[in-house]
Amino acid sequence: MRRRCGIWLAGTILILVAACSMVPENTYFTMAYTLVPEQTEPARPLPVSVRVRELEVTPAYDKERIVYRFSPYEYKYYNYMLWAVKPQRMVTEMMIRHFEDARLFANISREFGDIRPDYELSGVLQAIEEIDSGDEWYAHIEFTLRVSRYSDGAVIWSHRVDAKKKVYNKSPVYVVKALSELMEAEMTKIVDELRTLLSGQQRGGNP
């Protein structure tokens, strides 16, 4: 009887060990891209200071777990596929890095310092996700941005991004890669728009 109990206990332990070893490990992702150096003379930074606030985020995406959807009415979350940091912080940091690399502003800050900024950039991240549409996968990112004059709070610029890119390799890592490519393309447009707008503001003598 004892021998049978011992065999049963050993078998149970082996089953539990095997089950535990089958649990997937968490995989962490982050968006990233390498900005290609300009071939021409780099633009001089605009003589303005900007405070970039961390983006707000809609509640469904305020999570480490990556969102995927089959329809507009249902959200699903990967159990073991996670963002390395909250998506709103990740996207904000990518924006700041792009502004710095493009040498758009003379000064960029995240918090208030001793000197008040000329402008404040803020916005909302509405969606960052994988969309599964039948046999096709897409990366989708949606956000809005606005620039306000700090002196009077007037909004001088707003911009909405709602971009989607087909993913040919059906794996979350390729969704993140596609999201990174979308972000790079959209930020390049945003930098050009802001440079034109704020250059005009400076020539008009209205910081």
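The values are calculated or read from the model by the stated rules, or taken from the named source; none is laboratory data. Model, not experiment: these values are computed from the prediction. As a convention, Cβ positions derive from the backbone with ideal geometry for all residues, glycine included, and neighbour counts pool all protein chains shown.
Remarks
- In segment 128-139 there is at least one residue that is among the hydroxyl-bearing types (Ser, Thr, Tyr), farther than 18 Å from Met187 by Cα and at pLDDT 95 or above.
- Pick from segment 134-184, criterion of a type in the set (Asp, Glu) and loosely packed, with under 12 Cβ neighbours inside 10 Å, ranking: nearest to the chain's Cα centre (by Cα): Glu136
Quick grid of which residues meet (1) charged (D, E, K, R); (2) free of Cβ contacts under 8 Å to residues at least 60 places away in the same chain; (3) farther than 20 Å from Ile131 by Cβ:
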{"residue": "Tyr73", "(1), (2), (3)": "no, yes, no"}
{"residue": "Lys76", "(1), (2), (3)": "yes, yes, no"}
{"residue": "Ala84", "(1), (2), (3)": "no, yes, yes"}
{"residue": "Thr92", "(1), (2), (3)": "no, yes, yes"}
{"residue": "Met95", "(1), (2), (3)": "no, no, yes"}
{"residue": "His98", "(1), (2), (3)": "no, no, yes"}
{"residue": "Ala106", "(1), (2), (3)": "no, no, yes"}
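- Among the residues of segment 151-205, the ones that are part of a helix (DSSP H, G or I) and not polar (S, T, N, Q) come to 26 in all.
- When segment 113-125 is filtered for residues that are of a type outside the set (A, V, I, L, M, F, W, C) and either buried (at least 19 other Cβ atoms within 10 Å of the Cβ) or over 17 Å from the mean Cα position of the chain (by Cα) (or both), the ones remaining, listed by number, are Gly113, Asp114, Arg116, Pro117, Asp118, Tyr119, Glu120, Gly123.
- Screening Ser122 on (1) touching a residue at least 60 places away in the same chain (Cβ under 8 Å); (2) under 21 Å from Ala60 (Cα atoms); (3) in contact with a Phe, Trp or Tyr (Cβ under 6 Å, 6 or more places away or on another chain); (4) not in a helix (DSSP H, G or I) shows it passes everything except condition (3).
- Index of the failed condition, Leu198 passing every other in (1) under 18 Å from Ala106 (Cα atoms); (2) at pLDDT 95 or above; (3) buried (at least 19 other Cβ atoms within 10 Å of the Cβ): (2)
- If you go through segment 42-72 and pick out every residue that is more than 19 Å from Ser122 (Cβ to Cβ) and out of contact with any strand residue (DSSP E or B) (no Cβ under 6 Å at 6 or more places or on another chain), you end up with 6.
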